[in-house]
Every structure is written in C-alpha cells, then in structure tokens.
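Novice: Take this structure, written in structure tokens, and hold onto it; I'll ask about it next.
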Amino acid sequence: MIVEFIILLSVGAFAGLLAGIFGIGGGALIVPALIMILDHFGHGGQWINHIAVASSLATIIGTSLSSSWVHNKNHNIEWSILRKMVLGCIIGTIGGSYMTPYIPGVWLKWIFIAFLIYTGSKFILKTESVTKNTTSLHNVVYIIIGGLIGIFAALVGVGGGVLVVPFLKKCGVDIRKAIGTSAAFTLPVALGGTIGYIIAGWNIKALPQYSLGFIYLPAVISIMLASIPMAKVGVQIAQRLTINKLINYFGTFLLLIAVKLIIS
C-alpha cells in the first residue's frame, strides 16, 4: 500500500506540473499511468479503463482549481471568452457522454493524433515574439467551439486543454492567457465527467474497495495531494518562460502525446 501511495504521489506531482505549465488537466498522463498501476496492484479487473478515466477526471478538478487560482491572480484568464466557451462545453460534455457507445474508439484516437501532430508542428515551426491582436468572434462561434471540445473531452476522457490552447492562440490570444483560460475550462469538463462516472458505476459490485462509483478514492486523493501544490509551481514556471520558449515547449508536449498514443 505504501509503494502504491508513493507511485501515485509521483504521478500526481508530474501531472500537476504539466497542468500548471500548459493549462491542461493532466489526463493524458494520469489515465495510462493509472491503468498500469491498477493492473499491477490487481484493482478493478474488467473495469480498469473505466476506473482510470473516471479517477483521472476527478483529480483534474483539483489541479484545475489550483492552477486557475494562480492564473487568475496573474490576470491570465480571459473570462469574457471563457464564459461563452463553458456554456457550449456543458452542452457538449453531456452530448458526448451519450455518443460514446456509437463512435469507434480507433477513429477518435487517430483523429486526435493527426490533430496533435499538425498543431504541435505549427507551434514549434512558427513562433512569434509579438502577440497578434485578438480576433473577435461571434458569441455563437465560441459556444460551438466550446461544445465541440466538450464532446471530444467527454469521449476520450481528457480535460480539453490540448484543444483549447491552440484555438485561443489561433484567435490571437497571448499564449499565457490561452493557457490560463484553458486551465479554467477543464474544471466544468472534469466536474461533469466525475458526476457521470459516479452515477454510471454506482450499482456495480466488482469495483475496488473505497470506490465511489467508478472513482477510486485512494488514487484520487493520493494524486491530488501532489498535483494541487505542483500545479501552482507549474504556473510560476510558465510565468518565467519567454513566449517563444513556452510556445515551443507546448508544441513539443503535443507531439510527445501523439507519439505515446501511436505506440500504445
């Protein structure tokens, strides 16, 4: 139990750091890590994937709150854009949960990989030291984009940050503000997903002890203990990086996720 706790703390620390620096939820790291940990320690049986995704979403609540708090203090959240996107996100997350059984997972995986490679390459090859003027879009566009990201996030079990940051950057939003806004955006995705997985797994008997629906509480608490403080550290690191370095690092991060998905 102690070894499991230490491993989960390590996962949480790294995930929190990434969440703070890049404005993501950390699900891209936490989900595969939890699958391996749960399998190694014999938790979950046939429900391992469900538990991993559900528990990851629950931990994102903590990292999102932590990083969003610091980003807001640094004035790095575009609240006017966020409010419009969150409205669409709520609708999209609910819709995505209903669509899951009807869409082949392999389609989603390769669409996501193609997006990551394209966007990551664009970030690395075309950095800009001067931020362009923010493009003003119609409110409906922000709602639609938020809805599409919400659908995708619900289908693949991530917070949606890897989609929000490139979209906001394309709109001319400063990279730091894009990351801060993305960090706040992951919160409603994580909340909706967590509630859904608690309800979905409520009456399933073959789940590990100390589970709340599909949420494996020991993993969630352990990861949060490290991810919440490390998310704050990640935000401070992001504040100290130059714009071009931050753009390059984010692009590299997207490509690494793509490689991980290809070989998994």
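Novice: Could you count how many residues in segment 10-45 are outside any helix (DSSP H, G or I) and at pLDDT 80 or above?
Specialist: Summing the residues that are outside any helix (DSSP H, G or I) and at pLDDT 80 or above in segment 10-45 gives 3.
Novice: Among the residues of segment 219-239, what is the count of those that are over 19 Å from Gly193 (Cβ atoms) and at pLDDT 85 or above?
Specialist: Qualifying residue count for the region: 11.
Novice: A further question on this structure: Can you find a residue that is outside any helix (DSSP H, G or I), crowded, with 17+ Cβ neighbours inside 10 Å and hydroxyl-bearing (Ser, Thr, Tyr) anywhere in segment 213-227?
Specialist: There is at least one residue in segment 213-227 that is outside any helix (DSSP H, G or I), crowded, with 17+ Cβ neighbours inside 10 Å and hydroxyl-bearing (Ser, Thr, Tyr).
Novice: I want to confirm something. Restricting to segment 243-258 and keeping residues that are touching a residue at least 24 places away in the same chain (Cβ under 8 Å) and surrounded by fewer than 18 Cβ atoms within 10 Å (Cβ to Cβ), which single residue is farthest from Ile175 (Cα to Cα)?
Specialist: Filtering segment 243-258 for residues touching a residue at least 24 places away in the same chain (Cβ under 8 Å) gives 243-244, 246-255, 257-258.
Checking which are surrounded by fewer than 18 Cβ atoms within 10 Å (Cβ to Cβ) leaves us with 243-244, 248-249, 252, 255.
On the way: Ile243: 7, Asn244: 9, Asn248: 11, Tyr249: 12, Thr252: 15, Leu255: 18 Å.
Taking the candidates together, the pick is Leu255.
Novice: Before we move on, is Lys177 over 21 Å from Leu116 (Cβ atoms), among the charged types (D, E, K, R), in contact with a Ser or Thr (Cβ under 8 Å, 6 or more places away or on another chain) and assigned to a helix (DSSP H, G or I)?
Specialist: no
Novice: Right, another one. Need the failing condition index for Ser66 against (1) modelled with pLDDT of 85 or more; (2) within 24 Å of Ser136 (Cα to Cα), just the number.
Specialist: All conditions pass for Ser66, except number (2).
Novice: If the requirement is being buried (at least 22 other Cβ atoms within 10 Å of the Cβ), under 19 Å from Ser222 (Cβ atoms) and polar (S, T, N, Q), which of these qualifies: Ser56, Ser68?
Specialist: Of Ser56, Ser68, the one residue that is buried (at least 22 other Cβ atoms within 10 Å of the Cβ), under 19 Å from Ser222 (Cβ atoms) and polar (S, T, N, Q) is Ser56.
Novice: For segment 127-147, give me each residue that is surrounded by 13 or more Cβ atoms within 10 Å (Cβ to Cβ) and at pLDDT below 55.
Specialist: Thr127, Thr131
The values are calculated or read from the model by the stated rules, or taken from the named source; none is laboratory data. This is a predicted model, so every value here is computed, not measured. Methodologically, a virtual Cβ is constructed for each residue, glycine included, from the backbone with ideal geometry; neighbour enumeration extends over all protein chains shown.
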